[in-house]
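Shown next, in structure tokens, is the structure this report addresses.
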Amino acid sequence: MPAMLEVEGLSFRYPESRRKAVSDFGLRVEEGEIVVLAGPSGCGKSTLLRAVNGLVPHMYSGDYSGDVRVAGRSVKATDMRELAQTVGFLFQNPENQIFMFSVERDVAFGLENLGVPRPEMRARVDEALRLLGVEPLAQRAPHELSDGQKQRVALAGVIAMRPKLVILDEPTSLLDPKTASELVGLVARLRKELGTTFLIVEHRLDLLVGVADRMVVMSEGRKVLDGTPADVLLGEEAEGYGVAVPSITRLQKALAREGLVSGSRVMTSAELAAAVEGPGGI
Ligand SMILES: Nc1ncnc2c1ncn2[C@@H]1O[C@H](COP(=O)(O)OP(=O)(O)OP(=O)(O)O)[C@@H](O)[C@H]1O
Ligand SMILES: [Mg+2]
């Protein structure tokens, strides 16, 4: 069985650039996994996502070697229209993805392009609106919505296409903390209800610790860490690679070094408080 995503020995250099944006990169993501990709600005995260949805090499030409396969099909050998039926992609700024007169038309846009028959389109749009909790907004004009609502509508449009793999590039960067954690809750729910696989570039790792199966860290185009959130965030190397280890996790590490809490899994602030206050705690 092919994995949902297989990246093998991928290197890519933009024509204007001297160094490779992605360098000898390998990654395997199984169906239904939620994988977070982190690393400092310019390390190649967005380029890697472009190599998954086909923008690299179909829209961005450059020196490309290695292979990327989605559900067993090579991205470089598959046209983007076909890839779009398997890989859903949310831009960082939802404004780029929302342009119709009503939310409903927006969510239907990708399906209309594919020529999906009307009754099926209706059913898929309704399901996506329901899953994202934006049914009451169906007749509203997209420009009237808040940033969080726009982000949900854009994600509904992605989900209506029933992609097996969804890639998100800093999806919470425009959102306040509450809306951002709601979006993360939706990711978990879509994985549970539809079995969707996610590859998410995100700096706010504290939000994703609870839902991510794996964290992958990139540095200068290469993969440098790949493991569970506990492996990566509680290990000694992440901060050296410029990963924003959540402050509560840094506190946990400091307490673990003193032997005051366990250092084997990432704790929430409530768990950490309970552990230090509990029997044997401080
Ligand atoms: N369209 C482009 N043309 C030329 N070089 C590019 C292009 N896009 C990105 N690069 C370069 O490729 C490298 C990787 O960039 P990329 O955008 O993939 O990094 P990133 O990890 O997503 O960064 P950020 O966290 O700032 O979004 C950088 O050196 C960047 O300057
Ligand atoms: Mg980027």
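Just so you know, all these numbers are worked out from the coordinates, no wet-lab data involved. Just so it is clear, the model here is predicted, and its values are computed rather than measured. Note: ideal-geometry Cβ built from the backbone for every residue, glycine included; neighbour counts use all protein chains shown.
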Enumerate the amide H contacts of Ile34 below 5 Å, restricted to partners 5 or more residues apart or on another chain; note that Pro and chain-start residues carry no placed amide H. Phe198, Asp213, Arg214
Computed over the chain, the Cα gyration tensor eigenvalues, each multiplied by 5 and square-rooted, give semi-axes in Å (largest first) of 33, 26, 16
Please give the Cα centre distance for the range 253-269 versus the range 177-210, rounded to the nearest Å. 24 Å
By the mean-Cβ-within-10 Å protection proxy, highest first, 126-133, 194-201, 111-118 rank as 194-201, 126-133, 111-118
Given the pairs Lys178/Lys223; Lys150/Lys178; Lys45/Lys178, which are separated by over 23 angstrom at their Cα positions? Lys178/Lys223; Lys45/Lys178
Taking springs between alpha-carbon atoms closer than 10 angstrom, which of Ile248, Ile159, Ile34 fluctuates most in the Gaussian network model of the chain? Ile248
From the phi angles alone, apply the Karplus equation (6.51, -1.76, 1.60; θ = phi - 60°) to the range 106-115 and give each ³J(HN,Hα) in whole Hz, x where the residue is Gly or Pro. 4, 5, 7, 3, x, 5, 4, 4, 7, x
Neighbouring Cβ atoms within 10 Å as the yardstick, rank Phe12, Phe91 fewest first. Phe91, Phe12
Taking Cα pairs closer than 8 Å and at least 6 residues apart, the relative contact order of the chain in percent is 22 percent
Per its Cα gyration tensor (rounded if a/c is under 1.5, else prolate when a/b beats b/c, else oblate), the range 100-161 is best filed as prolate
Which angle from 0 to 90°, rounded to the nearest 10, does the C-alpha axis of helix 147-160 make with the longest principal axis of the chain? 60 degrees
